[in-house]
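The values are calculated or read from the model by the stated rules, or taken from the named source; none is laboratory data. What you see is a predicted model, and the numbers here were worked out from it, not measured in a lab. In this analysis, Cβ positions are derived from the backbone assuming ideal geometry, glycine residues included, and neighbour counts consider all displayed protein chains. To get the accessible areas, we keep the full protein, side chains included, count just its heavy atoms, and leave off ligands, DNA and RNA. Shrake-Rupley method; radii C 1.70, N 1.55, O 1.52, S 1.80 Å.
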Amino acid sequence: GALLVSERIDREELCGALSPCSLSFEIVVENPLELYSGAVEIQDINDNDPVFPSSQARLEISESVAAGARFPLESAQDPDVGVNSLQTYQLSANPHFALDVQTRVDGSKYAELVLEKELDREEQRELHLVLTALDGGSPPRSAHVQIHIDVVDANDNAPVFNQSAYKASVRENTPSGTLVARISAYDLDDGPNGDIVYSFSSHTPAKVRELFALDSATGELRVKGQLDYEETKLYEIYLQAKDKGAVPGMAHCKVLVEVVDVNDNAPEVTVTSVYSPVPEDAAPGTVVALLSVTDLDSHDNGLILVQVSDVNDNAPKSSQDSYDVYVLENNVPGIPILNVSATDPDLGRNAHLSYTLLQGDPTVGHIFSINRENGTLYLLSSLDHEYQVEFSMMVQVQDSGSPPLATNVSVSVFVTDLNDNAPTVLYPHPNTTATYTDVVAPGTPAGHMITKVVAVDADAGYNAWISYTLLQATDPSLFSVGLHSGEIFTARQLREDEAPQHTLVILLKDHGEPMLSASATVSISVAEMVKEVFTDLTDMAPANDPRRHVTFYLILAVILVSAAFFITMLSVGIFKCYKWRQSKELFNSSRSTLYRTPGPFHHIDAVRGGFTPPNFYHQVYLTTDSRQSDLLCKKPFTSSPLGSRQSTMRNGEPGLYHQIVGTASRLPTPAE
């Protein structure tokens, strides 16, 4: 006897809006046979959304509608019943409309828009609102409709000019059709209510209408007739703008047109009084007639001008009396380096200036050139700081008057240095086949100067500052080089077992940018005797030199001459010693006046030149009566018994002197 649902029940389909919704049925029971009647009530659930007839609604409302006006809206439908049916409406927030929800007799709801704040099309042309319908279910179901409101224009705005007064000026000879001014007005209304027509105000004089024309659509004011400054200097024109509404709005403005004078009137000369006849002996300055001159034009157009002719009474004047120009050497030929500026207060040809380079120095004309018209000074060739540091010249500025006047301007061009020259080695000379060997004896202590690298740099300043460094050496620990002097010293004491020959490569660098460098090769021989030096020099001679035999004989001759010299000196020394002992008593009494001892022999230059070691000089250059191995010369000053001996010694000394010089002259000099 269970009652079952055989298919899905839809209350809205069975009963629609009827409530309550019930289904009746009968049940037959057998044994015993009985008939029962029953009913099933179908209860509603919130299974349907409210529905609007359309998704959008459009309304047209005039901006002149007063507040409080009501506008009904289409209602939404909800097939549910009871609390699940449509219960209320909601409106999106806005400043103009409110929503009033009403209930019909049957209990259904409808909504109306209520205007709370008047509309203004000029402020907002259209509004967009959203109306929402809600039922009473939990949760509630809803539907939305877009409400588009067009604000219909009303002629509630009058035209407005963008300025109340316009100003314009026009020449009196301006042709017809020339634009004088353009006026402009606007109207916030739409359609005919916003269309503007321009016209002359009703009280505009007829003369103005004859001289000016106004375009009713564009507001352009143009010249129509012939303007005359001498007749009217200023026109005050009143214009108006009207819209095309049923009751047109109107605005006014004025245009001030100033007529500009043109020199269209010739001066008129009137003779007001004439004194006639005039005596022939009348003095200068006697009044002959009175004249009056008038001109209808104004300001400068009405003056009588007396022209004053110019006289060339002003010489050209330069902005500077002298110019100092600094130019880098190795410049590109043809570049401008200076513009000589001058002015002349005269007029016309008297003020036309020309520039000339005075040829004081003939070399200036080959190196510099000046533009005759504008005074631009050009370099015609490349300058060299090492060749010439400064150029002085005179520029003459002359006008074209008669007679011409001129002014001279001095120009000094200074050539600034670039580091374009590498250091040049003077000693040892790099471009020669001869080999210079400096000699140092074994046992020489540390710090002993052996020789010196001599170099020069043709640049100036820091570009010519040379530093010396030891780049390469047979034994780097044995020698050192002065950083700024180029002097070569022993870094430690020389031992007996040192290598006999040493080759040093000295790097010479300047301090320019970019840095330039050179190198010098110095040969140093470690030897005790001169013979060893000469032997080394012989060994160092090139094997394929065709003059090696001549060199050998020259070396042999030097050795023989040196030996003869040594024997001679020894003999002279013995003889002198013998004579000296004989006259010791007399000699001691006058020794301080008989001899003078010059300062020590400065052999450092010879050592620097790379000739022979210092001890060689001490061994060879010996003189008599010397305890310091220095050359001594006797100088007689009074008669004495030793006069004959002094004369003999003096006569014998030139030979000795020539012998010494002759020996030394066979050695190479630093210049060689």
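In table form, for the structure just shown:
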item	result
Filter result for Val550 (at pLDDT below 85 and touching a helix residue (DSSP H, G or I) at 6+ places or on another chain (Cβ under 6 Å))	no
From Asp384, Asp344, residue being among the charged types (D, E, K, R), in contact (Cβ under 8 Å) with a residue 40 or more places away in the chain, open to solvent by less than 90 Å² (accessible area, probe 1.4 Å) and within 30 Å of Glu513 (Cα to Cα)	Asp384
For Ala246: the one exception among (1) surrounded by 11 or more Cβ atoms within 10 Å (Cβ to Cβ); (2) under 30 Å from Gln163 (Cα atoms)	(1)
Some residue of the range 352-367 being open to solvent by 40 Å² or more (accessible area, probe 1.4 Å), of a type in the set (Gly, Ala, Ser) and closer than 30 Å to Asp457 by Cα	no
Long-range neighbours under 6 Å by Cβ, at least six apart or interchain, first residue closer than 21 Å to Ser85 by Cβ and in contact (Cβ under 8 Å) with a residue 24 or more places away in the chain within the range 48-67, second open to solvent by 40 Å² or more (accessible area, probe 1.4 Å) and not in a loop (DSSP other than H, G, I, E, B)	Val51/Gln77
Residues satisfying the stated conditions in the range 16-35, i.e. surrounded by 10 or more Cβ atoms within 10 Å (Cβ to Cβ), out of contact with any helix residue (DSSP H, G or I) (no Cβ under 6 Å at 6 or more places or on another chain) and closer than 30 Å to Gln77 by Cβ	Gly16, Ala17, Leu18, Ser19, Pro20, Ser22, Leu23
Tally of residues being closer than 30 Å to Gly348 by Cα and among the aliphatic types (A, V, I, L, M) across the range 283-313	6
Looking only at the range 3-32, and only at residues there that are modelled with pLDDT under 85 and among the aliphatic types (A, V, I, L, M), the one that is nearest to the chain's Cα centre (by Cα)	Ala17
Unique residue being surrounded by 10 or more Cβ atoms within 10 Å (Cβ to Cβ), more than 30 Å from Tyr387 (Cα to Cα) and not β-branched (Val, Ile, Thr) when the list is Leu328, Leu290	Leu290
Selection from the range 193-223 of residues that are assigned to a loop (DSSP other than H, G, I, E, B) and open to solvent by 30 Å² or more (accessible area, probe 1.4 Å)	Asp195, Ser202, His203, Pro205, Asp215, Ser216, Ala217, Thr218
From Leu347, Leu357, residue being under 16 Å from Ser392 (Cα atoms), modelled with pLDDT under 95 and among the aliphatic types (A, V, I, L, M)	Leu357
Pairs with Cβ under 6 Å, 6+ apart, first in the range 438-456 and on the phi > 0 side of the Ramachandran plot, second part of a strand (DSSP E or B) and not basic (Lys, Arg)	Gly447/Phe489
Residue within the range 402-419 that is on the phi > 0 side of the Ramachandran plot and surrounded by fewer than 13 Cβ atoms within 10 Å (Cβ to Cβ) present	no
The range 471-527: number of residues that are among the polar types (S, T, N, Q) and within 50 Å of the chain's Cα centre (by Cα)	6
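The rows are residues; the columns are (1) in contact with a His (Cβ under 9 Å, 6 or more places away or on another chain); (2) at pLDDT 90 or above; (3) under 30 Å from Val456 (Cα atoms).
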site	(1), (2), (3)
Asn374	no, yes, no
Ser381	yes, yes, yes
Val395	no, yes, no
Val413	no, yes, yes
